[in-house]
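Asks: If you scroll down you'll find the structure; I have some questions about it.
Please treat every number below as a calculation from the coordinates, not as lab data. Remember, predicted model here, so these are calculated numbers, not experimental data. FYI the Cβ positions are ideal-geometry reconstructions off the backbone, even for glycines, and counts take in every protein chain you see.
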Amino acid sequence: MERSQRRKRLPMILAAQLSDTHFDLSPRNTERVERVMAYLADLPRRPDVILVTGDITDSGKPEQYAEARLALRADIPIHLLPGNHDDRAAFRTELLGEPTSDAPINSVHRVGRLTVIMLDSTVPGEPGGLLAGETCDWLDETVAAAGDGPIVVALHHPPRPVASPVVDVIALAEPGRLAEVVAGDPRIIGVLTGHAHSPIATTFAGKPMITCPSTASVLGGEWEVTPPHKVMDYAPDPAVALHVIDETNTLTTHFRSVPMGGWLAEPPI
Ligand SMILES: [Fe+2]
Ligand SMILES: [Fe+2]
């Protein structure tokens, strides 16, 4: 038998990503997240991890985090990072059960051979994003300390324009240091973001950059919106991204909307 045939196949890693849940004390946004979580729980092959990339709440209130804590429950690990609508202190105390602090909420997680690095790109009180110096330093140290396996970097604000007239003006400022790290390390296989309320695939620093749709609403692209009117669309169903890391450590993403009206097993007549 050839040596390559004897080599053990690396198992597939499946990471689900939700974003921009915007818990706002309305039943609507909660039900939409509950439906997505039920969809994930019913999958024959369950995800290995669920990532939630910011704007967990609509305005950072403790009661909104209490809603999120209840709805974002699963018997698989869930990791969250904040967005511009969140509040670091309430996020920490209400969602993470940690002491209050205004420091950036950065975290690193192992999912099998995959390392997930979650960066806090928020600037308190501002809609746009920026990686603080301490976050960039932490990223350097964390990448240096990661193992041989693949790495994905997640943050709320897209670090490059995404043809969104609303989001591009409040994207990540000064993405140069992040770009250096992403381009410079072959273990980094992709960058995951939220904030744009739209499923988007592009590249950043030569790697795939995937933006997860929101469970709450869709923000139109340049060809759709006429600000300040017709910016947000609340009609579409909630959606989720499903990231596959295969045996070649390549990132492949499927997007799935989760119908609020239920499934149709047969085509409608
Ligand atoms: Fe959002
Ligand atoms: Fe946002």
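Asks: Taking the radius of gyration and the Kirkwood hydrodynamic radius from Cα positions alone, what is the Rg/Rh ratio for region 128-269, to two decimal places?
Replies: Dividing the radius of gyration by the Kirkwood radius yields 1.03.
Asks: OK, next. Return the percentage of antiparallel bridges among DSSP beta bridges fully within region 73-221, rounded to the nearest 5 %. Could the numbers behind the result be given before it?
Replies: Numbers: 12 of 25 bridges.
Antiparallel: roughly 50 percent of the beta bridges in region 73-221.
Asks: Per DSSP H run of n ≥ 4, the term is -39500 (n - 2.57); total these for the chain, divide by its residue number, and report the mean residue ellipticity at 222 nm rounded to 500 deg cm²/dmol.
Replies: Numbers: 5 runs with 52 residues, N = 269.
Here the helix-only value at 222 nm equals -5500 deg cm²/dmol.
Asks: Charges only on Cβ, +1 for Lys and Arg, -1 for Asp and Glu: so what's the dipole of region 10-257 about the Cα centre, in debye to the nearest 20?
Replies: On the way: 18 positive and 33 negative charges, 120 e Å.
Result for region 10-257 is approximately 580 debye, rounded to the nearest 20.
Asks: Defining a contact as two alpha carbons under 8 Å apart and six or more residues distant in sequence, what relative contact order in percent does region 1-111 show? Spell out each step's value before the answer.
Replies: On the way: 175 pairs, mean separation 28.9, N = 111.
Taking the mean separation of contacting Cα pairs over the length of region 1-111, I get 26 percent.
Asks: Considering only C-alpha atoms, what is the centroid distance from region 163-187 to region 63-124, in Å?
Replies: The distance from the Cα centre of region 163-187 to that of region 63-124 comes to 21 Å.
Asks: Percent relative contact order of region 10-257, based on C-alpha pairs within less than 8 angstrom and at least six residues apart? Can you show the working numbers first?
Replies: Working: 589 pairs, mean separation 50.2, N = 248.
Reported relative contact order: 20 percent.
Asks: Please identify the longest segment of the chain free of exposed chymotrypsin sites (Phe, Trp or Tyr not before Pro), where exposed means a DSSP state other than H, G, I, E or B and no more than 11 other Cβ atoms within 10 Å. If you can, show how the numbers build up before the last one.
Replies: Working: sites that count: W223, Y234, W263.
Looking at the chain, 1-222 is the longest stretch - no exposed chymotrypsin sites (Phe, Trp or Tyr not before Pro) with at most 11 other Cβ atoms within 10 Å.
Asks: While we're looking at this one, here's another question. Give me log10 I(q)/I(0) at q = 0.14 Å⁻¹ for region 10-257, Debye formula, one equal scatterer per alpha-carbon, no solvent.
Replies: -0.88
Asks: Counting Lys +1, Arg +1, Asp -1, Glu -1, what net charge surrounds G194 among other residues with beta carbon under 13 Å of its beta carbon? Each step should come with its number before you reach the end.
Replies: On the way: positive: none; negative: D20, D55, D86, D120.
So the environment of G194 carries a net charge of -4.
Asks: Counting only DSSP beta bridges with both residues in the chain, tell me the antiparallel percent, nearest 5. Don't skip to the answer; put the middle values down first.
Replies: On the way: 27 of 49 bridges.
Restricted to the chain, the bridges split so that about 55 percent are antiparallel.
Asks: Normalised by the empirical 2.2 N^0.38 Å for globular proteins, what value does the Cα Rg of region 75-134 take?
Replies: The reported ratio for this selection is 1.18.
Asks: Could you state the principal axis extents of the C-alpha atoms in region 1-84, from the largest down, to the nearest angstrom?
Replies: 61, 26, 16
Asks: Among P27, P161, P175, which one shows the highest mean-square fluctuation when the chain is modelled as a Gaussian network with alpha-carbon springs under 10 Å?
Replies: Top of the fluctuation ranking is P27.
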